[in-house]
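Encoded as structure tokens, the structure appears first; notes follow it.
Just so it is clear, none of the values below were taken in a lab; they were calculated from the coordinates. All figures in this text were calculated on a predicted structure; none of them were measured in a lab. Glycine gets a Cβ as well: all are built from the backbone with ideal geometry, and neighbour counts include every protein chain shown.
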Amino acid sequence: MRFVVRSVSSLARRPAAGAMPKDGARPNPFAPPDAELVVGDLTPTHFGVLNKYPVVPHHLLIVTRDFVDQETLLDAADFAALAAALREVDGLGFYNGGRAAGASQPHRHLQLVPLPLAVGAWTVPMEALFDQWSSGGGTSRLLRLPFRNAFAALEPSDLEAADGAERLLERYVRMLAACGLREDPANDGGRAANEPERQRGPYNLLATRRWMLLVPRAREHFGTISINALGFAGSLFVRDAAEMDALRAAGPMNALQSVAVPV
């Protein structure tokens, strides 16, 4: 497959995820968001806002109206908002589950970029490797990806049906379990019934109108290059020529393998 690698100047201006102002309080960019970036409501629980530091044009953030921790598991409301966005835009939705997966903010937000990601036969470059998989326990694994993953094919009705969010949520839960990222309910440490369930490790989730892919993460960086969910779509971003040279020397798939959990 051929990766798309972009040198993006806005990455150099973007505040680091761990950066703190001198008073020790990190501002929440979604409470409230910049008014000129707000697109509007997607559902009663989520709204759309344009990314202040976009990596591609029309880069949309799907944000919870109330604060929800980015490291708690997604729920039906999140998938309802994602489905609403995908019905309007043939795009790639993605989620960075935790700092080690590339999340830059603790306030729950999914993201969406329009397709195609590149010029060529595939709207998502990684789809070139989607032709071999194994199935078991209600989930599939893509055999040509050299790291742990869970895969699910989607039908058009999964986005259009009244219970579409629940269908997506069910697939997501199975994918988490297949990758060892969901708590055993028998050993949840006495978590209260209304307390959101936390993920057992960092991961990336990608979703189009046709499929979903989940990849557990071991670390955020390959060298100095931060890799988020878009990397596992075959789209990587560097800040300068030195990072581009390092990525070219190692090979993009080797870079992904180094930040993902081994098979």
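Computed over region 46-147, the Cα gyration tensor eigenvalues convert (square root of 5λ each) into semi-axes of 25, 19, 14 Å, ordered from largest to smallest.
Contour minus end-to-end for SER135 and ARG2, with contour as 0.36 nm per residue of separation and end-to-end as the Cα-Cα distance?
Details: separation 133, 0.36 × 133 = 47.88 nm, distance 2.62 nm.
45.3 nm is the gain from fully extending SER135 to ARG2.
Can you give the FRET efficiency for VAL173 and VAL38, using 1/(1 + (r/R0)^6), R0 = 41 Å, r = Cβ-Cβ distance, to the nearest 0.05? So the FRET efficiency works out to roughly 0.85. Taken about its Cα centre, region 130-180 carries a charge dipole of about 420 debye when Lys and Arg each add +1 at the Cβ and Asp and Glu each add -1 at the Cβ.
Taking 35 Å as R0, compute the FRET efficiency from the Cβ-Cβ separation of ARG87 and ALA121 and round it to 0.05. Let's see the in-between values first.
Details: r = 25 Å, r/R0 = 0.72.
Efficiency, rounded to the nearest 0.05: 0.90.
Remark: spin-label model distance ASP69-ALA128 equals 4.0 nm, labels positioned 7 Å along the Cα→Cβ axis.
Over region 200-239, the pair-distance histogram of Cα-Cα distances with 10 Å bins from zero comes to 27, 53, 19, 1 percent, rounded to whole numbers. The length gained by stretching the chain between ASP240 and HIS58 to full extension, at 0.36 nm per residue less their Cα-Cα distance, is 63.3 nm. Charges were assigned to the Cβ only: +1 to each Lys and Arg, -1 to each Asp and Glu. The resulting dipole of the chain about its Cα centre is roughly 880 debye. Taking only the C-alpha atoms of the chain, Rg followed by Dmax gives 17.7, 52 Å.
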